[in-house]
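Single-structure report; data block below.
Any read-out appearing in this document is the output of simple, stated calculations on the displayed coordinates, not a laboratory observation. On a predicted model such as this, the values are computed, not experimentally measured, just so you know.
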């Protein structure tokens, strides 16, 4: 059985003499004072929250053994722990000590920086106030690209609530250079270009008059137009070409592929890329020449690429889930691809086992080259968990999904001896969380009682608030009644349900025969509360039942954990939920299971 660690301290004073009775008294701030020559000391934070408690001999010094008290900063102050409100020396009576703190008004640093992060001025400003800059007006030197004018700051100076870096902002004015495009002495166009930019000509294409045997083709400019860093002129360049016949080569779809210039009676030569036609439907196409004779050219003309038709085979590439290549199948257009490789396989891991479940796309009608990956279904692995007593006897067996927590719902393990020793079960020899293998858990015990004239058993009864906050602890002899002697449990006001009133404890603690956890139950003016808890007492769900609707049924609507599934032995809750007329707490009920590893 998993137990929560609580901060309440339970002290058992067992006196062998039959004339002296064992006395437990919860007083003041929750410290158990056993003898009159002892005093209780409780340490609380500034907000009365509990920090530490102890029982010390009267007249000795109190020693605080908890964490350093903390107080959160607020918008105005930071806080530092400095002392306790009373002296810790020579404590003669039960005493509560409260933590004392020193406050300091917050002040924020405002750093004014130039564009290059060089600090110009620093101002220190109280919370919510306005920063003031009293330095020289920020400046920035011009460069090849721009000149700069200061225009303000990148953040507001008002309502300072944190350290702030404020950077100077500038407006940039670009610096441009002039590129003049000329054809001979004629100016064709001027472009204005930023530093290291590229000049662009936007005029008419330059021309040069042809002669009887030669034509001139514009080929560019005499200076590079990129990386402009000064004003300059550039002149049009022309290439001389003998006058020839023009042969234009077109693809099947009238796309111009290449133009050849051929001398009279010469042969046209195609030097472009091989003409290509996309496969279409069930057919593929192969280039098979041109539709015109290309020798003895005596005039300009055009010619069109010719293709032969073949039946199309389309590949389908099969890969495993991890990109491992498996197989390639070839099929006719519109036909299925058939996989003939080895059966795809995926290794099981700690979490899952895998089974091949097909491919990630349909391969029954292939119309284009296809890549497909093996798909696997996965099933969560379960592991067998056996709970054994100290003597290797089996107490309980359950099956746990991978990564989940093993839950023990058997009887509390007991260790019997033939000597005057009482053993108390303290847990299992291994963690119950994150199960990834078949596991055997063995009960562990500690010596709880030795000596005396006979064997006496004692049990602990822990009292908790609705949210698991520890309230009190009583240690009682077997078969006797426990008692709660701390303050009445309370619960904060809710805007949805109103004020809460303590109604009862979730179970009786008369005639105690085992360690127990007891939780406070509440109701409101208008609602009963049905509290659902798991086997070890953690809150699962609260159902609010309106008091004035007559007989009402409660339904669990909380998280559906593995230990609440029927296949894991869950058969319901330990109280009737069909006629709610008071606040109650319910726990899961399980079928008993007996098996072994």
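See the values below:
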| read-out | value |
| --- | --- |
| Cα coordinate range in the chain, projected on the principal axes (Å, largest first) | 142, 81, 54 |
| Estimated translational D of the stretch 382-450 in µm²/s (Stokes, Kirkwood radius over Cα pairs; 37 °C; 0.692 mPa s) | 257 µm²/s |
| Percent of Cα pairs exceeding the 18 Å cut-off, where the set is the stretch 245-310 | 37 percent |
| Cα Rg, Dmax, the stretch 150-254, angstrom units | 25.6, 85 |
| Between the stretch 137-171 and the stretch 34-84, the Cα center-to-center distance that results, in Å | 51 Å |
| Cα-based equivalent ellipsoid, the stretch 313-393: semi-axes from gyration tensor eigenvalues, Å | 43, 10, 8 |
| Reference-scaled alpha-carbon Rg (2.2 N^0.38 Å with N residues) for the stretch 26-105 | 1.21 |
| Hull shadow area, averaged, the stretch 107-174 [alpha-carbon convex hull, nm²] | 4.3 nm² |
